[in-house]
Amino acid sequence: MPTNPLSELKNHLYQFGKEHKIGSIQADCVLYILLTKYEEPTEILRSVDIPNVDQLADKLLKIIKVSTETSATAELGSTSLDVLKLASQYAGNVLGITELHFLSATFATFLKHHDYRSIKEIESILESSIDSVAMDLDKLITGKKIQNKEVRSGHEMADSLLLPYEANMHTKLISNSQNLSKLKALCNAESGCLIVISGDSHTGKSTLINQLALESDRQINYLEHTTLVKQAFRRGKIESELGVAIKKCLSNDSLLVIEDVDIIESSNNHAQITPILIGAAREGLKIVCTSSKSGLKTNIRSHGYDEYLKVIQLEQPKGPEFEQIIKAASLEIETRHNVILNTKIVAKVTALVTQHMPSNKLKAILDCLNALAAQTKKGDDISQEDIVQIVSAMSSKPTEEIEKSKTSRLSTLSDDLKSELFGQDESLEEIASRIKASVLGFQIQPNRPNAIFALLGESGVGKTKTAELIAQKLNYNILVINMGEFKERHTVSRLIGSPPGYIGYNDGDGLLHETLSVHPRTIILLDEVEKADPSIYDLFLSAFDKGVIHTAANKEVCFKDSIIFMTSNLGANGNKKTVGIHETSINQDTIDVSEFEAHFRPEFINRITKVLSYKNLNKDTLIKIARKSLETLCNTIAEHNEWQVEVDEKIYSELVELSKNGGEYPKDARPIERAVETHISSKITEAVMSASGDFKKLHISLEGGLIEARVEF
């Protein structure tokens, strides 16, 4: 059924009325639509022994056409409105209406209007009284047995979903012994409860349940949730069969296990599974479920049944436990594929995955080991090249990037930055030096971010570009936070989520958790940091000091492997001097750092690794930027065409002159880039459009003080 069954049925009825020019749409029209537009009503009528169901719709249409008056406009009549009203009452809410509710409401309406225009004809088609059919449909809704009908019993339905839980003797729990004790205690308690084991993939949720089954003498039933999810499109069906399965577990005092309960909940077309499970817990049933972290919050905890809901939170294993799991898994993979995964191979895969696939690292390592073993023939050795190829394929990164080591990236970082960002050599060398030391682990407080920089200067001098380049060169993720969007105190919820009871609580744990939980190695750029509300600074103060903050849901956000940049133009506008008759501005290299420091509390400033002043750009630097911008444009042209592009040396100086504003050279790179687009791109376009045929060379030159572009054949 659709998201809003009532609206969908109304649409079908109006369309039917217009097609057949029926002025007043009554209950027999509703019955016809149910039989022709939906699958369930036909099966339901078969289950209550209505013969010739397949012919019912055609015969019903003939009766409708004979007994109704034609009209250009179609409206819902009193009996069809009664059907919709009764169906809503039967279901309890609009979204909970099933096809059975509509069908039962239709026959109840026939009974209510005993002088209905075509009731005798309908009874003759059904070969049964309206009263009898209505009673049988009512029994189906209430779950009562229909006499002399071949209807599947509740236990037969339960048998198709409930299976005995079969523990795997070869799967052993390596970690989580404390959580196993908690699970046993909850299962042995007198009162019922809904136990949700929550965690990311490969955190041991299923293994924990398997260990419980190995150590328990209690009967455990496993809900075959795949079949249940397949029935999710049939509104009401999934709830009824789940209810029957619960009753069977209650009758024999067994433990019920449901894996991926959040998927069942989210797939069930807005129906609610958790209230049914909580109801069973109130009756004394103990239910053990697994769920993802996000599914627990959005699909389960949102119902608010904390009294009966017991959560066991599993985290990614670390340290010795992590190593034990990898060792045990690699031995199992060796046996299954009949290959050798020695410690060097496992260590290499682990190192590369840690660097290039940090999100859910354990799963990524096991996936890579499985893929590596699967592609290796019996007796063949696994080479370093094989490992790189697998990690490259799994991470969707080129092999060249995988092969480049961390130290090689760091060793060339300073030169790489200076080759693409001009005029800030001193600051870039300082940044590269600090990053090298911290990334390699040479810092006193290892849990703090690798480095925290404040970059001060005019707009367009390369502050933001610095963070972007470092992310690119070190293969880090980058998170740009425009601090101007956090001027209000309440906007902190966008970073760490909303607390329970507030709007947005179910919308996630905030930008920082969502990013750093997936990409621990992230460049965090706090752009125009001075514009944020002071409460935002308090949040980041904890990150600067301890390397950790907590979301509104008390989830930990770790900044240990991140690098933080803040940009600001505070102090950059106070050094303008004027000279001469025309008071022409002179670019100043110095920044008034004290203005920046005065804006923040001392404890905030003291936790910054380095405050760096970015210089305004001089003419020589602007020429370098012009050259780089034009080279970028030429490379783009060469990628899409087969031309050679030649540029006169004089062009670069001319672009700088053209970028002047009021006789002043620009202080930043943006006017240069605009000059390239305005004076070069337009000339290239004119030359290419006017060319009469294919050409091999495009020449950009300065002729008579004017930039020209011409093609050469």
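The values are calculated or read from the model by the stated rules, or taken from the named source; none is laboratory data. All of these numbers come straight from a predicted model, not from anything done at the bench. Backbone-built Cβ (ideal geometry, glycine too); neighbour counts: all protein chains shown.
Among the residues of segment 195-228, just one is over 17 Å from residue 173 (Cα atoms), at pLDDT below 85 and in a loop (DSSP other than H, G, I, E, B), namely 224. If the Cβ limit is 7 Å and pairs must be 6+ apart or interchain, which residue in segment 449-461 that is under 14 Å from residue 565 (Cβ atoms) pairs with which residue that is of a type in the set (Val, Ile, Thr) and in a strand (DSSP E or B)? The qualifying pairs are 449/563; 449/564; 450/563; 451/563; 452/564; 454/611; 455/567; 456/611. Restricting attention to segment 437-481, the residues being part of a strand (DSSP E or B) and within 27 Å of residue 356 (Cα to Cα) number 8.
Restricting attention to segment 566-597 and to residues that are of a type in the set (A, V, I, L, M) and surrounded by 12 or more Cβ atoms within 10 Å (Cβ to Cβ), the residue that is modelled with the highest pLDDT turns out to be 566.
Each row is one residue, and each column tells you yes or no for (1) under 34 Å from the mean Cα position of the chain (by Cα); (2) touching a residue at least 12 places away in the same chain (Cβ under 8 Å); (3) more than 30 Å from residue 672 (Cβ to Cβ).
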residue: 353; (1), (2), (3): yes, yes, yes
residue: 366; (1), (2), (3): yes, yes, yes
residue: 374; (1), (2), (3): yes, yes, yes
residue: 388; (1), (2), (3): yes, yes, yes
residue: 395; (1), (2), (3): yes, yes, yes
residue: 400; (1), (2), (3): yes, no, yes
residue: 423; (1), (2), (3): no, yes, no
residue: 426; (1), (2), (3): no, no, no
residue: 447; (1), (2), (3): yes, yes, yes
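The set of residues from segment 429-462 being closer than 24 Å to residue 535 by Cβ, in contact with a strand residue (DSSP E or B) (Cβ under 8 Å, 6 or more places away or on another chain) and modelled with pLDDT of 90 or more comprises 449, 452, 453, 454, 455, 456. Residue 444 meets all of the listed conditions (1) surrounded by fewer than 21 Cβ atoms within 10 Å (Cβ to Cβ); (2) among the β-branched types (Val, Ile, Thr); (3) within 23 Å of residue 408 (Cβ to Cβ) but one, namely (3).
Scanning segment 678-711 for residues that are basic (Lys, Arg) and closer than 21 Å to residue 655 by Cα turns up 683, 710.
Candidates 636, 609: the one that is under 18 Å from residue 454 (Cβ atoms) and under 41 Å from the mean Cα position of the chain (by Cα) is 609. Among the numbered conditions (1) surrounded by fewer than 16 Cβ atoms within 10 Å (Cβ to Cβ); (2) part of a loop (DSSP other than H, G, I, E, B); (3) modelled with pLDDT under 85, the only one that residue 191 does not meet is (3). Filtered by the rule that a residue be outside any loop (DSSP other than H, G, I, E, B) and either under 14 Å from residue 402 (Cα atoms) or of a type in the set (Asp, Glu) (or both), segment 350-367 gives 350, 351, 352, 353, 354, 355, 356, 367. Taking residues in segment 2-26 that are assigned by TED's automatic domain parsing to the domain that holds residue 110 and in contact (Cβ under 8 Å) with a residue 40 or more places away in the chain, and partners anywhere that are assigned to a strand (DSSP E or B) and surrounded by 18 or more Cβ atoms within 10 Å (Cβ to Cβ), the pairs with Cβ atoms closer than 7 Å and at least 6 places apart or on different chains are 13/25; 13/76; 17/25; 25/76.
Which of the numbered conditions does residue 44 fail, given that it passes all the others? Conditions: (1) farther than 16 Å from residue 107 by Cα; (2) crowded, with 17+ Cβ neighbours inside 10 Å. All conditions are met except number (1). Please specify each residue of segment 280-305 satisfying the condition of being surrounded by fewer than 19 Cβ atoms within 10 Å (Cβ to Cβ), modelled with pLDDT under 70 and under 18 Å from residue 499 (Cβ atoms). 298, 302, 303, 304 - these are the residues of segment 280-305 that are surrounded by fewer than 19 Cβ atoms within 10 Å (Cβ to Cβ), modelled with pLDDT under 70 and under 18 Å from residue 499 (Cβ atoms). Does at least one position in segment 467-484 carry a residue that is modelled with pLDDT under 90 and within 23 Å of residue 292 (Cα to Cα)? No, every residue in segment 467-484 fails to be modelled with pLDDT under 90 and within 23 Å of residue 292 (Cα to Cα).
Restricted to segment 486-506, and to residues there that are among the β-branched types (Val, Ile, Thr) and modelled with pLDDT of 85 or more, the residue that is surrounded by the fewest Cβ atoms within 10 Å (Cβ to Cβ) is 491. The residue list 656, 647, 676, 688 contains one member that is β-branched (Val, Ile, Thr) and either in contact with a Cys (Cβ under 6 Å, 6 or more places away or on another chain) or more than 20 Å from residue 711 (Cα to Cα) (or both), which is 656.
Annotation note: Cβ proximity below 6 Å between a residue of segment 329-340 that is over 16 Å from residue 365 (Cα atoms) and a residue that is among the basic types (Lys, Arg) (sequence gap 6+ or interchain) occurs for 338/378.
Screening residue 73 with (1) surrounded by 16 or more Cβ atoms within 10 Å (Cβ to Cβ); (2) free of Cβ contacts under 8 Å to residues at least 60 places away in the same chain; (3) not in a helix (DSSP H, G or I) gives one miss only, at (1).
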